[in-house]
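Written out below as structure tokens is the structure these notes cover.
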Amino acid sequence: MQSVLFILNAIENGETTPQETVARSFDAIAATDARIGAFRSLADRDGALAIAGKATGPLAGIAVGVKDIFDTHDMPTEFGSAIYVGNRPAGDAALVAMMRARGAVLAGKTVTTEFAFLQPAGTRNPRNLAHTPGGSSSGSAASVAAGMVPVAVGTQTGGSVIRPAAYCGVAGYKPSFRLVPMVGVKTFAWSLDTAGFFAASVADAAAFVARLTGRALAVEPVDPKALRVGFYRTSIWGEASADMQAAVELAAERAAKAGAAVVEIDEPPALTAARDAHLALQNFEAALALAFEYENHRDRLSDVLRENLEQGRATSAEAYDETRRIARRARRETGALFETVDVLLTPSATGAAPLGLSSTGSPAFNKLWTLTGNPCVNVPGISDAAGLPLGVQVLARFGRDRMALSAASWLETLLAGVQITASKNGALRAALP
């Protein structure tokens, strides 16, 4: 994979140029994407290299893949739907404009599921082509995992940053809600939709977003003895595979051995209720956000999307308002969790990437934190016996994104190259590389 920090350091040291690093991304896409299918459309190579040759901003030399629900003035924006084939916005989404202004070059639009929902889009997992890369930001996660670009942008409404990052074995960062703008992005559920970032490592993701936003987000050293970690099994712990449970338990064990204070945190009933309310809230908003498509192109929507929109249309305003009240209570309750710990440790997904391309996987372990708006990071490094990644999720108090990123980066160093294997008696154990 390509490293943001390595590229930026090489440019700053005069070892390469922004034009050369961007050219390497285009070469990698040409050599790799035919078997992965991560990109929906590509920027004009010559034009992109000309822009890179003149770039002087803090992200000069970084080629980026952008999920195809972000408006781009110079490439189609099709939302993963046949309804919008050839759609050309007049301008860029705010986040796209920010990246360009800081010197990054858009390599292309990455594949998204239909309107960033559940219908698989055909992208393959670079870690094993027979497995899903997850969704809905499937192309973004796969493009980074396959080494085509150092950074890709996705979105999360349920679990579409953290889960595909976990499946593909890359770092995924979902910022605190509204930390980065969603203007010019196709809306699915406005109180949930959050832009996120994929990179080779947590430090790479943090460095990119720090330079993008001008915020103090680059990872900083962690004093393990001052770090309080909450091992948060959640009320749905049983939905995690044995391998995933072992991965999170191992992460907690290694954090404790390294000096952190690790305590088990029980899930408050208000958070269980919020997880259960997520779908109704999401579908009500989606039914309004996609009302035009439903009314005018209903027969061109996938069955799964149409059914969920119909559920949303059948939800009363009073029932929707109750889900909003549940969400508000959950946000308050989540804040209380961090009175005794700095970060929480949970599964990033129910397990490794499912076999086949007929499903994008379950957002069960992600959707609560999308609802509450907390910053979340997928920590790569652990794999199962078949070599498929098992992601561990770190989250922090709302607005404490640097804490989440720094703790996740520290944990990443403890878990690099670890494999979960089955012993003769069927128990799970960790095998060092």
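The values are calculated or read from the model by the stated rules, or taken from the named source; none is laboratory data. Remember, it's a predicted structure, so these values are computed and weren't measured experimentally. Quick reminder, even Gly has a Cβ in these numbers, built from the backbone with ideal geometry, and neighbours come from all protein chains shown.
What residue, among those in the range 115-150 that are polar (S, T, N, Q) and surrounded by fewer than 24 Cβ atoms within 10 Å (Cβ to Cβ), is nearest to Val22 (Cα to Cα)?
Initially, the range 115-150 is screened for residues polar (S, T, N, Q), giving 119, 123, 125, 128, 132, 136-138, 140, 143.
Then drop every residue that is not surrounded by fewer than 24 Cβ atoms within 10 Å (Cβ to Cβ), which leaves 119, 128.
Values: Gln119: 32, Asn128: 26 Å.
Here the residue is Asn128.
If you take just the strands (runs of 3 or more DSSP E) that sit entirely in the range 389-433, which of them hold at least 1 residues that are at pLDDT below 95?
On the way: elements: 389-396, 419-422, 428-431.
Qualifying strands (runs of 3 or more DSSP E): 419-422, 428-431.
Which residue is nearest to Ala317 (Cα to Cα), if the candidates are limited to the range 238-278 and must be in a helix (DSSP H, G or I), in contact (Cβ under 8 Å) with a residue 60 or more places away in the chain and out of contact with any Leu (no Cβ under 9 Å at 6 or more places or on another chain)? Can you show your working first?
First, the residues of the range 238-278 that are in a helix (DSSP H, G or I): 238-239, 242-257, 269-278.
From what is left, the residues that are in contact (Cβ under 8 Å) with a residue 60 or more places away in the chain are 239, 242-248, 250-252, 254-255, 270-271, 274-275, 277-278.
From what is left, the residues that are out of contact with any Leu (no Cβ under 9 Å at 6 or more places or on another chain) are 239, 270.
Values: Glu239: 31, Ala270: 21 Å.
Top of the filtered list is Ala270.
The rows are residues; the columns are (1) touching a Gly at 6+ places or on another chain (Cβ under 7 Å); (2) surrounded by fewer than 24 Cβ atoms within 10 Å (Cβ to Cβ).
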| site | (1), (2) |
| --- | --- |
| Ser362 | no, yes |
| Leu368 | no, no |
| Leu371 | no, no |
| Cys376 | no, no |
| Val379 | yes, no |
| Ile382 | no, no |
| Ala386 | no, yes |
| Leu390 | no, no |
| Leu395 | no, no |
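Which residue out of Val96, Val85, Val151 is in contact with a Phe, Trp or Tyr (Cβ under 7 Å, 6 or more places away or on another chain), more than 25 Å from Gly391 (Cβ to Cβ) and among the β-branched types (Val, Ile, Thr)?
On the way: Val85 fails: in contact with a Phe, Trp or Tyr (Cβ under 7 Å, 6 or more places away or on another chain); Val151 fails: more than 25 Å from Gly391 (Cβ to Cβ).
Just a single option satisfies the conditions, and that option is Val96.
Cβ-Cβ below 6 Å, separation at least six or inter-chain, first residue in the range 335-353 and touching a residue at least 12 places away in the same chain (Cβ under 8 Å), second assigned to a loop (DSSP other than H, G, I, E, B) and among the basic types (Lys, Arg): which pairs?
Phe338/Arg397
Val22 fails exactly one of the following numbered conditions: (1) touching a strand residue (DSSP E or B) at 6+ places or on another chain (Cβ under 6 Å); (2) buried (at least 18 other Cβ atoms within 10 Å of the Cβ); (3) over 18 Å from Arg211 (Cβ atoms). What is the number of that condition?
Status for Val22: all satisfied but (3).
Scan the range 20-43 and give yes if some residue there is within 29 Å of Thr187 (Cα to Cα), among the hydroxyl-bearing types (Ser, Thr, Tyr) and part of a loop (DSSP other than H, G, I, E, B), otherwise no.
Pass one, the range 20-43, residues within 29 Å of Thr187 (Cα to Cα): 29, 33, 36-43.
Cutting the leftovers down to among the hydroxyl-bearing types (Ser, Thr, Tyr) gives us 41.
Keeping just the survivors that are part of a loop (DSSP other than H, G, I, E, B) gives none.
No: zero hits.
Collect the residues in the range 43-84 that are surrounded by fewer than 17 Cβ atoms within 10 Å (Cβ to Cβ) and of a type in the set (Asp, Glu), keeping them in residue-number order.
Asp44, Asp46, Asp74
Across the range 29-42, which residue is surrounded by the most Cβ atoms within 10 Å (Cβ to Cβ) among those that are in contact (Cβ under 8 Å) with a residue 40 or more places away in the chain and either more than 21 Å from Ala121 (Cβ to Cβ) or touching a Phe, Trp or Tyr at 6+ places or on another chain (Cβ under 7 Å) (or both)?
Going residue by residue through the range 29-42, those that are in contact (Cβ under 8 Å) with a residue 40 or more places away in the chain are 29, 32-33, 35-42.
So of that shortlist, the ones also either more than 21 Å from Ala121 (Cβ to Cβ) or touching a Phe, Trp or Tyr at 6+ places or on another chain (Cβ under 7 Å) (or both) come out as 29, 33.
Working: Ile29: 24, Asp33: 20.
Taking the candidates together, the pick is Ile29.
Out of the residues in the range 192-226 meeting the condition of being of a type in the set (Asp, Glu) and surrounded by 22 or more Cβ atoms within 10 Å (Cβ to Cβ), tell me which one is farthest from Met148 (Cα to Cα).
Pass one, the range 192-226, residues of a type in the set (Asp, Glu): 193, 204, 220, 223.
Remaining after also requiring surrounded by 22 or more Cβ atoms within 10 Å (Cβ to Cβ): 193, 204.
Values: Asp193: 26, Asp204: 15 Å.
So the residue we want is Asp193.
Filter the range 300-316 down to the residues that are touching a residue at least 12 places away in the same chain (Cβ under 8 Å) and of a type in the set (A, V, I, L, M), then identify the one that is surrounded by the fewest Cβ atoms within 10 Å (Cβ to Cβ).
Ranking the candidates gives Val304 first.
Within the range 204-235, track down each residue that is under 27 Å from Phe6 (Cβ atoms), in a loop (DSSP other than H, G, I, E, B) and polar (S, T, N, Q).
Hits for the range 204-235: nothing passes.
Considering (1) touching a residue at least 12 places away in the same chain (Cβ under 8 Å); (2) over 23 Å from Leu179 (Cβ atoms); (3) small (Gly, Ala, Ser), say which one Ser136 fails and leave the rest.
Among (1) touching a residue at least 12 places away in the same chain (Cβ under 8 Å); (2) over 23 Å from Leu179 (Cβ atoms); (3) small (Gly, Ala, Ser), Ser136 violates only (2).
Residues checked against (1) under 30 Å from Lys257 (Cβ atoms); (2) touching a Pro at 6+ places or on another chain (Cβ under 7 Å):
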site	(1), (2)
Gln156	no, no
Val161	yes, no
Gly169	yes, yes
Val180	no, no
Val202	yes, no
Ala206	yes, no
Ala216	yes, no
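Matching residues to (1) closer than 30 Å to Leu279 by Cβ; (2) in contact with a helix residue (DSSP H, G or I) (Cβ under 8 Å, 6 or more places away or on another chain); (3) of a type in the set (Val, Ile, Thr):
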site	(1), (2), (3)
Leu5	no, yes, no
Pro18	no, yes, no
Phe26	no, yes, no
Ala31	no, no, no
Asp44	no, no, no
Leu49	no, yes, no
Ile83	yes, yes, yes
Phe117	yes, yes, no
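Determine whether the range 398-412 contains at least one residue that is in contact with a Gly (Cβ under 8 Å, 6 or more places away or on another chain), within 29 Å of Leu279 (Cβ to Cβ) and in contact (Cβ under 8 Å) with a residue 24 or more places away in the chain.
yes
For the range 86-103, which residues satisfy the criterion of being closer than 16 Å to Thr155 by Cβ and either surrounded by 19 or more Cβ atoms within 10 Å (Cβ to Cβ) or modelled with pLDDT under 95 (or both)? So that I can check it myself, show each step before the final result.
The initial filter retains those residues of the range 86-103 that are closer than 16 Å to Thr155 by Cβ, namely 92-96, 98-99.
Matches in the range 86-103: Asp92, Ala93, Leu95, Val96, Met99.
Could you check the range 1-19 and list, in sequence order, the residues that are among the β-branched types (Val, Ile, Thr) and not in a helix (DSSP H, G or I)? Please lay out each step first, then the result.
The first filter runs over the range 1-19 and keeps only residues among the β-branched types (Val, Ile, Thr), leaving 4, 7, 11, 16-17.
Of everything in the range 1-19, those that are among the β-branched types (Val, Ile, Thr) and not in a helix (DSSP H, G or I) turn out to be Thr16, Thr17.
Go through the range 333-347 residue by residue and tally those that are of a type outside the set (D, E, K, R) and assigned to a loop (DSSP other than H, G, I, E, B). Can you show your working first?
We begin by selecting, within the range 333-347, every residue of a type outside the set (D, E, K, R); these are 334-338, 340-341, 343-347.
Pick out the ones that are also assigned to a loop (DSSP other than H, G, I, E, B) and you get 338, 340-341.
So the answer is 3.
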